[in-house]
Amino acid sequence: MDVVVEQRTVTTVVRITGSVDGLTADALLSALQAQIEAGNTRLIADLSGVSYTSSAGLRALLATVKQARSAGGDFRLASVMPPVHKVLEMSGFTTILKLYPDVELAVASFPA
Amino acid sequence: MSASVPARKRVALVIGAGSVKCAAALGLWKVLRREGIDVDMLVGCSGGSIYAACMALGYDADETEAMTLALWNRDVTKRRDYRSMLGAFLPKLFRFRGHVGMVHDAPLNAALRTGFGERRFADVVRPLYVVATELATGHQATLSDGSIVDAVRASIAIPYIWAPWEVDGRLMLDGCLSDPLPVDVAIKEGADVILAMGFESPYPRRIRSATSYAFHVNSIYTNNLFRANYSFHNLAHHAEILPIVPEFGEPVNLFDTHKFAHVIACGARAAEEQLPYLRQLLALPAPSDAGAAGVR
């Protein structure tokens, strides 16, 4: 799994590539938490390069959204691939997370 | 000083409610057998309990397919239970029994006995847990001893279609009413890696009868319960739950047994998609290192 961080004006886009699972969840969580701890609490995960997630991956996403919201920001998902979307939907995550069809819409969803 | 050896991960296969769709578990099972991956326990709910029981008893995939084709067909629903229906609509005259089933269960019970005979949980080669729902309390019931026929019959007691079934003095209904994909049972029994094959109930395009309306409403309840439970189990588990959700590409309804081959193939495909990660999780050698795998 690869994580590339791109700083925008008021948001931080984290482009994730690979699987978000038990083998990669800890590294992903560390990378996302580092952004929040650095004050980048308006986080967007670009999931266009993620085709698989498991329960460990879901737990990392949930921990991040809770931490971002506690810090006054939010963690939003963009370009979610169908297999990942299905798992998010099955596990109730689509009811608590904001999802956008692409990164630009997710960026625009945060007030300037 | 000896290096500590990581404990072997305990693998569970959980097969959720889904009527004919549960045959997809056979596709998954074939892939696991081909790869030499065994499971430490099987958990089944409703239609999934039939397949979990077959696998736990050591039936092979072809045997299980033949058995379920004989079991799961329209013959088991042909005979109406007029006594039960009269009791429901004229309770004083025909003495209402406290529950109702529109379909007489004698053909179903006979088919289950043909498939499982007198086998008991004590006869399984892999631990088996069958999930039903207690009528009196609504609680999930995990059945793990006694007669396999009784447990499966209880687990598939679809509300209004078949009467509940008594197990150990308690009337039981379909497990999908409390736990449509019983991942929690696998967690409780100590599984690390949980292969969770689950299905949501399809909604009919049009509601043409009271029965179809009842099915539709029932599907709303159980689909929402499926998601709520799955969400909690995902967060509660200490290790991995691998969702194995076959895409059928077309509706598969309650008695579409003519779609068995397609359903099994979809199950195998969904399993193949999980295989690389499963191999990593279980620290199994990559296929090229393992030599030629025998395909049954």
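When B:Ala52, B:Ala7, B:Ala70 are checked against the criterion of being buried (at least 16 other Cβ atoms within 10 Å of the Cβ) and either under 23 Å from B:His238 (Cα atoms) or not basic (Lys, Arg) (or both), a single residue qualifies: B:Ala52. If you check A:Pro82 against the conditions, is it modelled with pLDDT of 95 or more, under 27 Å from B:Asn223 (Cβ atoms) and out of contact with any strand residue (DSSP E or B) (no Cβ under 7 Å at 6 or more places or on another chain)? In short, no.
Taking the numbered list (1) within 17 Å of the chain's Cα centre (by Cα); (2) closer than 19 Å to B:Ser19 by Cα; (3) crowded, with 21+ Cβ neighbours inside 10 Å in turn, B:Pro202 passes all entries but (3). The condition (being out of contact with any strand residue (DSSP E or B) (no Cβ under 8 Å at 6 or more places or on another chain), part of a helix (DSSP H, G or I) and within 25 Å of B:Met197 (Cβ to Cβ)) is satisfied by just one residue among B:Ala52, B:Ala70, B:Ala88: B:Ala70. Selection over region A:44-60 of residues that are buried (at least 23 other Cβ atoms within 10 Å of the Cβ), within 13 Å of another protein chain (Cβ to nearest Cβ) and either of a type in the set (Phe, Trp, Tyr) or touching a Phe, Trp or Tyr at 6+ places or on another chain (Cβ under 9 Å) (or both) gives a count of 2. A count restricted to region A:63-107 and to residues that are under 19 Å from A:Arg42 (Cβ atoms) and over 13 Å from the mean Cα position of the chain (by Cα) stands at 6. Number of residues in region B:213-244 that are among the small types (Gly, Ala, Ser) and either touching a helix residue (DSSP H, G or I) at 6+ places or on another chain (Cβ under 8 Å) or modelled with pLDDT of 95 or more (or both): the value is 3. Mind counting the residues in region B:170-225 that are assigned to a helix (DSSP H, G or I) and of a type in the set (Ser, Thr, Tyr)? Qualifying residue count, region B:170-225: 6. Of the candidates B:Asn234, B:Asn253, B:Asn218, the single residue that is of a type in the set (S, T, N, Q) and within 14 Å of chain A (Cβ to nearest Cβ) is B:Asn234. Restricting A:Gln33, A:Gln67 to residues that are under 30 Å from B:Asp184 (Cβ atoms), among the polar types (S, T, N, Q) and surrounded by fewer than 17 Cβ atoms within 10 Å (Cβ to Cβ) narrows the list to A:Gln33.
Every residue, every condition in (1) among the acidic types (Asp, Glu); (2) touching a strand residue (DSSP E or B) at 6+ places or on another chain (Cβ under 9 Å); (3) touching a residue at least 24 places away in the same chain (Cβ under 8 Å); (4) in a strand (DSSP E or B), yes or no:
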site	(1), (2), (3), (4)
B:His99	no, yes, yes, no
B:Pro107	no, no, yes, no
B:Arg113	no, no, yes, no
B:Glu118	yes, yes, yes, no
B:Ala122	no, no, no, no
B:Val131	no, yes, yes, yes
B:Thr137	no, yes, no, no
B:Thr142	no, yes, yes, yes
B:Ala151	no, yes, yes, no
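Residue-level analysis places B:Ala228 among those that are outside any loop (DSSP other than H, G, I, E, B), small (Gly, Ala, Ser) and within 11 Å of another protein chain (Cβ to nearest Cβ). Considering every residue within region B:200-211, establish whether at least one is touching a helix residue (DSSP H, G or I) at 6+ places or on another chain (Cβ under 6 Å) and within 10 Å of chain A (Cβ to nearest Cβ). Among the residues of region B:200-211, at least one is touching a helix residue (DSSP H, G or I) at 6+ places or on another chain (Cβ under 6 Å) and within 10 Å of chain A (Cβ to nearest Cβ), which makes the answer yes. Within the set of pairs 6 or more residues apart or between chains, which connect a residue that is more than 19 Å from A:Ser54 (Cα to Cα) and assigned to a helix (DSSP H, G or I) inside region B:255-277 to a residue that is at pLDDT 90 or above and aromatic (Phe, Trp, Tyr) with Cβ atoms less than 6 Å apart? Close Cβ pairs satisfying both conditions: B:Cys266/B:Phe248.
Table: residues versus (1) within 14 Å of chain B (Cβ to nearest Cβ); (2) aromatic (Phe, Trp, Tyr).
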{"residue": "A:Ala63", "(1), (2)": "yes, no"}
{"residue": "A:Asp74", "(1), (2)": "no, no"}
{"residue": "A:Val80", "(1), (2)": "no, no"}
{"residue": "A:His85", "(1), (2)": "yes, no"}
{"residue": "A:Phe93", "(1), (2)": "yes, yes"}
{"residue": "A:Ile96", "(1), (2)": "yes, no"}
{"residue": "A:Glu104", "(1), (2)": "no, no"}
{"residue": "A:Val107", "(1), (2)": "no, no"}
{"residue": "A:Ala112", "(1), (2)": "no, no"}
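Pairing each residue of region B:214-229 that is under 19 Å from B:Met102 (Cβ atoms) with any residue that is in a helix (DSSP H, G or I) and of a type in the set (A, V, I, L, M), provided the two are 6+ apart or on different chains, yields C-beta distances under 8 Å for B:Tyr221/B:Leu177; B:Thr222/B:Leu177.
The values are calculated or read from the model by the stated rules, or taken from the named source; none is laboratory data. All figures in this text were calculated on a predicted structure; none of them were measured in a lab. Note: ideal-geometry Cβ built from the backbone for every residue, glycine included; neighbour counts use all protein chains shown.
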